[in-house]
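Comments concern the structure below.
The values are calculated or read from the model by the stated rules, or taken from the named source; none is laboratory data. Only a predicted model underlies this, so the values are computations on that prediction, with no experimental measurement involved. Note that we place each Cβ from the backbone using ideal geometry, even for glycine, and neighbour counts take in every protein chain shown.
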């Protein structure tokens, strides 16, 4: 009882409202560099929320900050929603990735403008990547894919070309390369496009134009703000999600066959095919969530590898 009283006396409103919580100031996204010579992680050195990218050399133990916060810029509504769905509070460098099959170390850091570093050089902003959503490096690090304005685009990481648009027709309620709300919020599927090693991108086409817009009014600020979501309520029709594959070089795209019944596309990945190449696989769950299928795609045909049913 005395211990609890002493703790209560030390606990302040500031303690309760401050992030990260006491004892929760832990490094994030810890991983090896592609050559395994160092370990990198995200951390706020002062115990706050503004993170930087750190590196420690395995042999020498030398530590350094290789990327600090980029330039401040207002976030788009889409960026804010992605942060909400990933429960991301941290600012500064909130994520990073390496090109795992690049001949030289290539680092990519998302932000208002994507930043890249080749061979350990200083980070530089990539012109043409402003406002990029879910930027993703190709396996060899030569290209970057991202979504802007509901369309899927690719561009060279060396900045020697303008972004190339792979899709068309996006409008309010119709997007390419982004996961739908249910996949993100309920199934943790935050990505909507995936690179293969041979220069193809699998991507989602999400059509929710038939879902009625639902307004959410925020009245706590200096100005009243209204955000609109196409939220599928229980029993109503969900977003219509289809899976496509595009050849980045030619721009040719094809739709892949999925089960006809209502369901959720919850995972997509390129996997080894046993012959040195890759094939696309997807995990599909029916709406009642009683049946799960793992589907493999070969060209325009599909084959069910696993079919599990819960009685």
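Across region 214-233, the qualifying residues are those that are assigned to a loop (DSSP other than H, G, I, E, B) and within 16 Å of residue 180 (Cβ to Cβ), and the one among them that is farthest from the chain's Cα centre (by Cα) is 233.
Looking across region 272-288, just one residue is surrounded by 11 or more Cβ atoms within 10 Å (Cβ to Cβ) and without any contact (Cβ under 8 Å) to a residue 12 or more places away in the chain, and that is 273.
For region 122-162, filtered to residues that are on the phi > 0 side of the Ramachandran plot and surrounded by fewer than 17 Cβ atoms within 10 Å (Cβ to Cβ), the residue that is modelled with the lowest pLDDT is 159.
If the condition is being assigned to a loop (DSSP other than H, G, I, E, B) and in contact (Cβ under 8 Å) with a residue 40 or more places away in the chain, then region 178-213 contributes 178, 180, 189, 190, 191, 192, 196, 197, 198, 199. Residue 248 fulfils the conditions (1) modelled with pLDDT of 90 or more; (2) farther than 17 Å from residue 174 by Cα; (3) exposed (fewer than 12 other Cβ atoms within 10 Å of the Cβ) except for a single criterion, (3).
The single residue among 249, 255, 237 that is part of a strand (DSSP E or B) and either farther than 19 Å from residue 188 by Cα or touching a strand residue (DSSP E or B) at 6+ places or on another chain (Cβ under 6 Å) (or both) turns out to be 255.
Only one of the listed residues (111, 120, 149) is without any contact (Cβ under 8 Å) to a residue 24 or more places away in the chain and within 19 Å of the chain's Cα centre (by Cα). That residue is 149. Mind checking which residues of region 141-173 are assigned to a loop (DSSP other than H, G, I, E, B), over 22 Å from residue 209 (Cα atoms) and touching a strand residue (DSSP E or B) at 6+ places or on another chain (Cβ under 9 Å)? Correct list: 141, 142, 157, 158, 159, 161, 162, 163. What do you reckon, is residue 131 closer than 25 Å to residue 208 by Cβ and touching a residue at least 24 places away in the same chain (Cβ under 8 Å)? Here the answer is yes, as residue 131 does meet what is asked. The residues of region 59-94 that are at pLDDT below 75, loosely packed, with under 12 Cβ neighbours inside 10 Å and not in a helix (DSSP H, G or I), listed by number, are 71, 72, 74, 87, 89. Among the residues examined, residue 102 qualifies as touching a residue at least 60 places away in the same chain (Cβ under 8 Å), farther than 19 Å from residue 269 by Cβ, part of a loop (DSSP other than H, G, I, E, B) and out of contact with any helix residue (DSSP H, G or I) (no Cβ under 8 Å at 6 or more places or on another chain).
Only one of the numbered conditions (1) more than 15 Å from residue 94 (Cβ to Cβ); (2) part of a loop (DSSP other than H, G, I, E, B) is violated by residue 56, and that is (2). Residue check: is residue 192 crowded, with 16+ Cβ neighbours inside 10 Å and either out of contact with any helix residue (DSSP H, G or I) (no Cβ under 8 Å at 6 or more places or on another chain) or within 24 Å of residue 262 (Cβ to Cβ) (or both)? Yes. Filtering region 264-282 to residues that are in a strand (DSSP E or B) and out of contact with any helix residue (DSSP H, G or I) (no Cβ under 9 Å at 6 or more places or on another chain) leaves 268, 269, 270, 271, 272, 278, 279, 280, 281, 282.
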